[in-house]
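This report refers to the structure that appears directly beneath it.
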Amino acid sequence: MSLPDDYRPDNIDDLIINDETKDALKSWINSWLNHEETKKAIILWGNQGTGKTSTAYALAKFGNLPIIEMNASEQRNKENMKRIALMASEYHDLFSSKEPDKLILIDEADNIFESRNPSKGGDSGGLSELLDVIKKTKNPVVITMNDFYAFRGKNNAKEIIFLSIVIDMTPYKRKNEVNYKSFFHKAFDRLKFISDEENINISGTELNEIIKNDEPDIRSMINDLYLYKTKNNGITENSRDVSKSIYYMVSDTFRNNNYDYVLNSLHSMDDDPNFYMKWLDENIPYEYSDPEDMMRSYDVLSKADIYYGKRLNDYSLVNYALEISSGVSLVIKNKNEHYVKYTFPEYVKKLSARKNNRDRYNLRNFMTKLSVISHTSLSEILNGMWFYYILKTKSKKDFNYISTALDLSDEEKNAIKK
Amino acid sequence: MIRMNISIKNLKDIVDMLGTVVTEAKFKIGINGISVNAVDPAHVAMVSLEVPKSILSEYDVDSEEEISLDLEKVKSIIKLSSSNDSLTITKDKDKLKFEIGTIIKSISLLDNDQITTPRVPQVASDDYAVMPKSEFEKGLRAAEDVSDAIRLTLTADNFSAKSTSDADESEMILPKDLLKELVCNGAIKSSYPLEYLLKLVKSISSNEDIKISFKSDYPLNIEFSLGSGTSERIKGRFLLAPRMES
């Protein structure tokens with residue numbers, strides 16, 4: 001058993017979820033226990049670590065019901081669904097005799113096997129059987145999934161959703177709302193409790209760090225806590241590689257003084273370095289109020305941009321751009337302690353807003369590439385655009401040679417017009 | 001240490017019977033014999049078997065021990081042999097060694113902690129019927145294409161099994177004189193999953209008798225014997241949860 005499994009809360013009240021969610025869960029399970037259920041199933045959805053499975057277990061504990069679980073480790077085709085979930089939904093449990101006498105958990109329903117292979121008989125699979133289970137069941141059914149919107153598009157999913165209560169397990173929508181505060185406190189208390197129980201020596205600031213690092217994934221938080229138990233050195237060396245959203249990356253860059261930490265999280269970033277720099281560029285004025293701070297941080301960013309621009313000569317230079325731009329916070333004297341809502345870079349927004357602009361952007365890319373390789377100024381190339389256009393239309397072979405040499409994208413090729 | 005010699009017929013009957021509910025099982029190898037309980041993942045059906053030492057031509061066990069096996073692997077060993085063979089089984093650290101004539105096969109044991117053994121629920125009823133398995137099987141076969149569930153009824157005069165769907169209906173009535181024994185203190189009826197009953201009767205030899213006991217809306221208890229043997233046999237129990245009636 002892993003630490004997160006050991007510390008699954010037994011009680012609905014101990015779950016780290018919103019109060020409204022708690023009320024909805026309690027009234028649903030109570031409706032079953034009082035034989036007045038209107039919705040037979042409940043769908044719990046949200047990112048990993050938001051407590052979906054724990055909630056199912058807590059619901060079972062609440063009703064004092066055994067759990068019949070179908071998790072992702074089993075093959076959930078039609079036969080298995082019928083053999084396990086449908087049986088459990090219609091027949092009594094050998095080990096208890098109440099009514100309802102068990103809770104059926106269909107874990108990670110977004111991966112249910114829905115084969116359309118006619119050679120295996122029939123064209124419907126696990127989900128049609130799940131729908132049948134929900135229609136016939138005399139026991140409460142809990143369905144968990146990560147991606148509700150992807151699930152919604154599948155066959156039979158509409159009807160499953162119609163027969164179920166749908167609960168979004170995301171603990172908060174934005175960081176500046178009241179739910180976030182309550183989430184943070186509950187997570188902190190829970191981690192503190194576990195570290196006391198397990199004799200893990202960890203400070204309050206370190207706990208804060210773990211929460212900020214992993215939120216809203218409580219399972220990851222507890223796993224990270226476990227790292228403190230097994231090793232005594234700091235979390236930066238042990239922490240798992242998790243790609244963060246660019247939003248938090250920007251926030252870390254502006255506020256976190258631990259340069260190595262910021263750089264490490266940048267290395268696992270999924271986004272393009274330029275996109276990240278555009279975000280910094282957009283948000284520096286919102287973050288810093290002191291003009292000198294602003295000046296210094298733009299200075300850092302502009303140096304990073306020089307290396308980014310030189311990537312056309314050698315792509316490994318992009319690393320320097322990242323390493324320089326992630327040090328923005330080091331030159332700041334007056335840190336901003338208040339909440340700032342970082343905004344999406346206007347530049348990119350406008351680019352995508354108008355196709356016309358996009359063409360101009362692509363054209364500029366083409367010209368820059370050519371100017372680097374041919375040591376020619378941009379204006380000179382612009383004057384000679386007619387030539388490249390003729391080349392493109394009349395001489396495929398030469399144009400292909402240029403486009404491979406410059407590594408032109410399709411958009412960049414299309415941007416070459418009369 | 002564990003060393004035993006078992007006839008293929010007995011081993012096959014045990015594995016087939018357990019296979020009606022599970023794919024992996026934990027055997028308790030005791031001084032006086034082997035016992036095994038298995039429950040299906042939905043907690044609807046349970047098989048419980050007692051294998052007495054006397055039906056094994058060789059049985060050498062120092063102390064009680066539990067071993068867990070993948071039944072599919074044992075089945076593949078059974079396929080290698082003919083039905084009147086017998087095989088020698090020895091436990092060698094975390095492996096189980098099977099010797100059939102010229103072939104020696106070892107299969108690895110499963111982790112005992114991974115396989116939960118259910119406690120056997122207290123199920124007892126005063127009302128029961130003993131009948132030839134073949135008669136019971138006829139009624140199940142008749143219901144097979146009608147519904148997923150079958151309703152069993154026991155009265156002082158007869159035993160009946162009925163299935164209904166929107167379109168079709170099937171019923172078997174066994175009057176008292178076709179039953180070997182009948183004890184009933186008042187009519188009882190309850191519905192059970194047909195699929196498990198069919199699997200069960202398939203795993204019992206056709207000339208056997210079975211004892212069926214139940215109450216209204218109460219688990220079904222079927223007692224039967226397996227394998228070959230003259231004085232003692234493998235004793236089996238099959239428990240089946242009743243359908244929830246609304």
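Annotations for the structure displayed:
- Taking the criterion of being exposed (fewer than 15 other Cβ atoms within 10 Å of the Cβ) and part of a helix (DSSP H, G or I), the residues of the stretch A:1-13 that qualify are A:D5, A:D6, A:D13.
- Filter pass, B:D94 being more than 14 Å from every other protein chain (Cβ to nearest Cβ) and touching a residue at least 40 places away in the same chain (Cβ under 8 Å): no
- When A:N176 is tested against the conditions (1) more than 20 Å from the chain's Cα centre (by Cα); (2) over 22 Å from A:L44 (Cβ atoms); (3) outside any helix (DSSP H, G or I), the lone failure is (1).
- For A:I16: the one exception among (1) more than 9 Å from chain B (Cβ to nearest Cβ); (2) part of a loop (DSSP other than H, G, I, E, B); (3) more than 29 Å from the chain's Cα centre (by Cα): (3)
- Answer from B:V22, B:V47, B:V36 - the residue that is in contact (Cβ under 8 Å) with a residue 60 or more places away in the chain, at negative phi and hydrophobic (A, V, I, L, M, F, W, C): B:V47
- Test: residue in the stretch A:370-386 that is over 30 Å from A:R174 (Cα atoms) and at pLDDT below 85: no
Yes/no per residue for (1) at pLDDT 90 or above; (2) of a type in the set (S, T, Y); (3) at negative phi; (4) outside the structural domain of B:I8 (by TED's automatic domain parsing):
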{"position": "B:K73", "(1), (2), (3), (4)": "yes, no, yes, no"}
{"position": "B:S82", "(1), (2), (3), (4)": "no, yes, yes, no"}
{"position": "B:L96", "(1), (2), (3), (4)": "yes, no, yes, no"}
{"position": "B:I104", "(1), (2), (3), (4)": "yes, no, yes, no"}
{"position": "B:T117", "(1), (2), (3), (4)": "no, yes, yes, yes"}
{"position": "B:K133", "(1), (2), (3), (4)": "yes, no, yes, yes"}
{"position": "B:G139", "(1), (2), (3), (4)": "yes, no, yes, yes"}
{"position": "B:D157", "(1), (2), (3), (4)": "yes, no, yes, yes"}
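- Out of A:L105, A:L127, A:L131, one residue alone is more than 19 Å from the chain's Cα centre (by Cα), within 21 Å of A:K78 (Cβ to Cβ), at pLDDT below 85 and not in a loop (DSSP other than H, G, I, E, B). It is A:L127.
- Residue satisfying all of: in the stretch A:268-281; without any contact (Cβ under 8 Å) to a residue 40 or more places away in the chain and not acidic (D, E); farthest from A:D305 (Cα to Cα) among these: A:S268
- In the set A:M249, A:M269, only one residue is at pLDDT below 85, in a loop (DSSP other than H, G, I, E, B) and either among the hydrophobic types (A, V, I, L, M, F, W, C) or in contact with a Phe, Trp or Tyr (Cβ under 6 Å, 6 or more places away or on another chain) (or both); that residue is A:M269.
- Here is the figure for the stretch A:86-102: residues that are of a type in the set (G, A, S) and either farther than 22 Å from A:W32 by Cβ or modelled with pLDDT of 85 or more (or both) total 2.
- Selected residue (criterion: farthest from the other protein chains (Cβ to nearest Cβ)) from residues of the stretch A:129-181 that are among the hydroxyl-bearing types (S, T, Y) and within 22 Å of A:A60 (Cβ to Cβ): A:S164
- Every residue from the stretch A:303-331 that is crowded, with 16+ Cβ neighbours inside 10 Å and either among the basic types (K, R) or in contact with a Gly (Cβ under 6 Å, 6 or more places away or on another chain) (or both): A:R311
- Residues that are within 18 Å of B:L179 (Cα to Cα), touching a residue at least 60 places away in the same chain (Cβ under 8 Å), outside any loop (DSSP other than H, G, I, E, B) and away from chain A (no Cβ under 14 Å), drawn from the stretch B:192-246: B:V201, B:D209, B:I210, B:K211, B:I212, B:S213, B:F224
- Test: residue in the stretch A:53-60 that is under 25 Å from the mean Cα position of the chain (by Cα), surrounded by 14 or more Cβ atoms within 10 Å (Cβ to Cβ), within 18 Å of A:I112 (Cα to Cα) and at pLDDT below 90: yes
- All conditions in (1) assigned by TED's automatic domain parsing to the domain that holds A:D293; (2) modelled with pLDDT of 80 or more hold for A:P216, with the sole exception of (1).
- Restricting the stretch A:367-418 to residues that are β-branched (V, I, T) and assigned to a helix (DSSP H, G or I), the residue that is farthest from the chain's Cα centre (by Cα): A:I390
- Taken over the stretch B:96-113, the criterion of being under 20 Å from B:S7 (Cα atoms) and part of a strand (DSSP E or B) is satisfied by B:L96, B:K97, B:F98, B:E99, B:I100, B:I103, B:I104, B:K105, B:S106, B:I107.
- Hits in the stretch B:195-235 (condition: among the acidic types (D, E) and within 21 Å of B:S35 (Cβ to Cβ)): B:E208, B:E223, B:E232
- Pairs with Cβ under 9 Å, 6+ apart, first in the stretch A:49-73 and away from every other protein chain (no Cβ under 14 Å) and under 14 Å from A:D5 (Cβ atoms), second small (G, A, S) and assigned to a helix (DSSP H, G or I): A:G49/A:S220; A:G51/A:A58
- Scanning the stretch B:156-212 for residues that are surrounded by 14 or more Cβ atoms within 10 Å (Cβ to Cβ) and among the polar types (S, T, N, Q) turns up B:N158, B:S160, B:S163, B:T164, B:S170, B:S190, B:S191, B:S203, B:S205.
Table: residues versus (1) surrounded by 20 or more Cβ atoms within 10 Å (Cβ to Cβ); (2) in contact with a Lys or Arg (Cβ under 6 Å, 6 or more places away or on another chain); (3) part of a helix (DSSP H, G or I).
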site: A:I29; (1), (2), (3): yes, no, yes
site: A:H35; (1), (2), (3): no, no, no
site: A:I43; (1), (2), (3): yes, no, no
site: A:Q48; (1), (2), (3): no, no, no
site: A:F62; (1), (2), (3): no, no, yes
site: A:A85; (1), (2), (3): yes, no, yes
site: A:S96; (1), (2), (3): no, no, no
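- Restricting the stretch A:346-369 to residues that are charged (D, E, K, R) and surrounded by 14 or more Cβ atoms within 10 Å (Cβ to Cβ), the residue that is modelled with the lowest pLDDT: A:R358
- Residue count for the stretch A:156-191, restricted to those that are of a type in the set (A, V, I, L, M, F, W, C), farther than 30 Å from A:I112 by Cβ, in contact (Cβ under 8 Å) with a residue 24 or more places away in the chain and out of contact with any helix residue (DSSP H, G or I) (no Cβ under 6 Å at 6 or more places or on another chain): 1
- Whichever residue in the stretch B:1-48 is within 14 Å of chain A (Cβ to nearest Cβ) and in a strand (DSSP E or B) and, among such residues, is nearest to the chain's Cα centre (by Cα): B:V47
The values are calculated or read from the model by the stated rules, or taken from the named source; none is laboratory data. Note that this is a predicted model, so its numbers are computed, not measured. Every residue, glycine among them, receives a Cβ derived from its backbone with ideal geometry; neighbour counts consider all protein chains shown.
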